[in-house]
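Q: Take a look at this one; I'll ask things after.
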Amino acid sequence: MREPFRILKSRTVVLPQSSIDTDQIIPARFLTTTSREGLGKHAFHDWRYDVTGAPRPDFALNTIDPAEHRVLVAGDNFACGSSREHAPWALADFGFRAVISTSIADIFTSNALKNGLLPIEVDPGTHAALLERPGYEVIIDLENLELRFANLEPVRFRVEPFARRCLLEGLDHLGWLMDQEAAIAAHERAHGLKGEP
Amino acid sequence: MPPPERTLFDKVWDAHVVTPETAETPAVLYVDLHLVHEVTSPQAFSELDARGLKVRRPGRTYATLDHSTPTLPPDANGKRPYVTTQAEAQVTMLERNCAKHGIALAGWDSADRGIVHVMAPELGLTHPGAVVVCGDSHTATHGAFGALAFGIGTSEVAHVLASQCLLQRKPKAMRVTIEGRLREGVAAKDMALAVIATLGFGGGTGCVIEYAGEAVRALSMEERMTLCNMTIEAGARAGMVAPDATTIEYLRGRRHAPKHFAAAAEHWLALASDKGARFDKEISLDATAIAPMATWGTTPDASAPVGAPIPAPRNESEARALAYMGFKAGEPANAQPVDVVFIGSCTNGRISDLRAAANVLRGRRVKAGLRMLVAPGSEAVRREAEAEGLHRVFLDAGAEWRLPGCSMCIAMNGDTVAPGALAISTSNRNFEGRQGKGARTILASPATAAASAITGVLTDPRALLAETPHA
Ligand code: SF4
């Protein structure tokens, strides 16, 4: 059981670049880990640190308190590229609980939703307004599928209904899938697959 | 009622639905073949352990070592030059997990070991009409066989290990029809780059793409794999090609081909999309208009014919990409000296790719000061190349001949491009820093990469192929 996600009130961090790929979110050389934990320190590593390993003072993630800025607003076409779940692990470990863009890659979305990180696609107008307002306070209401702001009109968003239920109730996908055993076994029988010897 | 005419994708999907999708829940989809490698699996096995679950179908799971493995041989004591102890720990962990769960592993001692998407087809593991998954986005490669093949995350790796199933919403269907024939000296890689340039990065999001048309039918299986491999670079879930005589001949006699081969082959031919089957989106391209392609930006869709001027940036991100690459709009990319050429990866590390590169290199030398590295896609490719003497062509030209693995494609095993250096790579991603921090990558075909290694600048291979070098 993970912590349920119902309503999140938080400030945004803005990374306006479009097509931020998974190699930027977590460079491949950090994928040699065998754990899910601790990747937050490598999130956006090559943008975040200079050649000496010192944090770049002008990079957005280095200027905020992750406990207060839990929503990442990113440019169009976010998280394209690799299927590495290390990308949402790194973002969640850094402290993010939601990512907002106009379009977010399929595999990343699927991975993020299994890790308590909510990907939200918004219309270009809302997106532009958010890009212009780093540190803006947003309320993400997953129950009502609504994004609310101080001075902007609220907007609706979509989340795959099963993933939403899992987030709201803190349910896990694997547990649900294991409960489908009878149907899975029936499918195997129908396709001539016998049980393991 | 669904319409009676179905696409190839519909047919494969329908045959694997354990429980259909509803408004509330995704479909439960059965997986026939699950490929595993060392990088995206450790946390999945840990998840199983934590829940006391076992692998449901070890016989349908097949593992290899490829991503973080060194491509240099072991030292006199048999010690392999791992880039870090962590990389080595990942390999050890996969060895242990496979032993524990009874999963076949093409490990260091195996003559089968290779990049996961090169190895599985070679062994005949990838069957038409199957659902194939792997914790790796280039699983799309296997769609060349008319399989539904897609990448999954590590949580899903755990799902498949434990249940042999995945929770999936059915993607949309797109058809990309490529008419005409590729011209002499133009490769499947050029076709893939042209398709991605047409669709745009993200243009295939939410879709499974079926490749059709005369040009696709004319491709060999290895070329179809190159094409399907890069489907993910347009954001699509998977790429597929309908099985035909080419598919059947490729699979005949392979170790893991079905026992009742004739009956299986008959079934495969029936998988083709029905006449009149509906696609959510259709585009078409003319193969005769495709020239050797090279990327100029930091996404795989940002490409132009080799030698053509780089187009003016259309937005801030293209301008940023040009600045990163150090290229100027209006100038061709061959104004800059190339530092590294990499031949390999699951896109272009097969025997036909090495032959294409060797054809250009034979009797020639790699430009002084340029580093060229060739990493065969698998042990089988390595054996075949060495039997044909291709390794001699590479070594004589001044290139490095490595052990199989992902190598410089993802640069996590120590094979990296130095900061700022310009690489021409036959791999599939030119993202910032993909081949090493600060590295600049141009994606191209094996022939283009080899031609560029000789001249030291991005070069159309047709110019070199036309003239015979002095032996
Ligand atoms: S060769 Fe590159 S793209 Fe292919 S599996 Fe290896 S790392 Fe991934």
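Q: In the stretch B:53-94, what residues are more than 22 Å from B:Ser407 (Cα to Cα) and either within 12 Å of chain A (Cβ to nearest Cβ) or assigned to a helix (DSSP H, G or I) (or both)?
A: The answer is B:Leu53, B:Lys54, B:Val55, B:Arg56, B:Arg57, B:Pro58, B:Gly59, B:Arg60, B:Thr61.
Q: Ok, one more. Only one of (1) more than 21 Å from B:Ser155 (Cβ to Cβ); (2) within 10 Å of chain B (Cβ to nearest Cβ); (3) in contact with a helix residue (DSSP H, G or I) (Cβ under 8 Å, 6 or more places away or on another chain); (4) not polar (S, T, N, Q) fails for A:Pro55. Which number is that?
A: If we test A:Pro55 against (1) more than 21 Å from B:Ser155 (Cβ to Cβ); (2) within 10 Å of chain B (Cβ to nearest Cβ); (3) in contact with a helix residue (DSSP H, G or I) (Cβ under 8 Å, 6 or more places away or on another chain); (4) not polar (S, T, N, Q), just (2) comes out false.
Q: Given (1) within 22 Å of B:Thr139 (Cβ to Cβ); (2) part of a strand (DSSP E or B), identify the lone condition not met by B:Thr231.
A: The failed condition is (2).
Q: Look through B:Arg113, B:Arg169 and report the one residue that is within 16 Å of the ligand (Cβ to nearest atom), farther than 30 Å from B:Arg462 by Cα and of a type in the set (Lys, Arg).
A: Only one candidate qualifies: B:Arg113.
Q: When you go through B:Arg382, B:Arg440, B:Arg429, B:Arg402 one by one, which is the residue that is closer than 24 Å to A:Asp21 by Cβ and within 16 Å of the ligand (Cβ to nearest atom)?
A: B:Arg429
Q: Follow-up question, since we're still on this one. With the requirement that a residue be touching an Asp or Glu at 6+ places or on another chain (Cβ under 7 Å), surrounded by fewer than 22 Cβ atoms within 10 Å (Cβ to Cβ) and not in a loop (DSSP other than H, G, I, E, B), what does the stretch B:270-318 give you?
A: B:Ser284, B:Asp286, B:Ala287, B:Pro309
Q: Residues being in contact with a helix residue (DSSP H, G or I) (Cβ under 9 Å, 6 or more places away or on another chain) and among the small types (Gly, Ala, Ser): count how many of those fall in the stretch B:62-84.
A: Qualifying residue count, the stretch B:62-84: 2.
Q: How many residues are in contact with a strand residue (DSSP E or B) (Cβ under 6 Å, 6 or more places away or on another chain) and of a type in the set (Lys, Arg) if we restrict to the stretch B:86-143?
A: 1
Q: I need the full set of residues from the stretch B:330-355 which are in a loop (DSSP other than H, G, I, E, B), within 14 Å of the ligand (Cβ to nearest atom) and on the phi > 0 side of the Ramachandran plot, in order please.
A: Listed by number, the list holds a single entry, B:Gly344.
Q: Give me the pairs, please: first residue somewhere in the stretch A:11-27 and within 7 Å of chain B (Cβ to nearest Cβ), second residue anywhere and of a type in the set (Lys, Arg), beta-carbon distance under 8 Å, and either six or more positions apart or on two chains.
A: Listed pairs, sorted by first residue: A:Gln17/B:Arg320; A:Asp21/B:Arg429; A:Asp23/B:Arg429; A:Asp23/B:Arg434; A:Pro27/B:Lys437.
Q: Continuing with this model, one more query. Which of the residues that make up the stretch B:143-158 are more than 9 Å from B:Ala238 (Cα to Cα) and either more than 10 Å from chain A (Cβ to nearest Cβ) or part of a strand (DSSP E or B) (or both)?
A: Those that are more than 9 Å from B:Ala238 (Cα to Cα) and either more than 10 Å from chain A (Cβ to nearest Cβ) or part of a strand (DSSP E or B) (or both): B:Ala144, B:Phe145, B:Gly146, B:Ala147.
Q: Within the stretch B:78-110, how many residues turn out to be within 15 Å of the ligand (Cβ to nearest atom) and in contact with a Lys or Arg (Cβ under 7 Å, 6 or more places away or on another chain)?
A: Matching residues across the stretch B:78-110 total 1.
Q: Of everything in the stretch B:416-426, what is more than 11 Å from the ligand (Cβ to nearest atom) and either of a type in the set (Ser, Thr, Tyr) or within 12 Å of another protein chain (Cβ to nearest Cβ) (or both)? Give them in sequence order.
A: B:Thr416, B:Pro419, B:Gly420
Q: A follow-up question, please. Taking A:Leu72 as meeting all but one of (1) over 24 Å from A:Leu147 (Cα atoms); (2) surrounded by 24 or more Cβ atoms within 10 Å (Cβ to Cβ); (3) among the aliphatic types (A, V, I, L, M), write down the number of the exception.
A: (1)
Q: Could you tell me which numbered condition B:His34 fails, if it satisfies all but one of (1) at pLDDT 95 or above; (2) out of contact with any Lys or Arg (no Cβ under 7 Å at 6 or more places or on another chain)?
A: (2)
Q: All but one of (1) under 17 Å from B:Met240 (Cβ atoms); (2) in contact with a Lys or Arg (Cβ under 7 Å, 6 or more places away or on another chain); (3) part of a helix (DSSP H, G or I) hold for B:Met174; which doesn't?
A: For B:Met174, the exception is condition (3).
Q: Can you report the number of residues in the stretch B:116-138 which are within 16 Å of the ligand (Cβ to nearest atom), outside any loop (DSSP other than H, G, I, E, B) and within 14 Å of chain A (Cβ to nearest Cβ)?
A: 7
The values are calculated or read from the model by the stated rules, or taken from the named source; none is laboratory data. All figures in this text were calculated on a predicted structure; none of them were measured in a lab. Backbone-built Cβ (ideal geometry, glycine too); neighbour counts: all protein chains shown.
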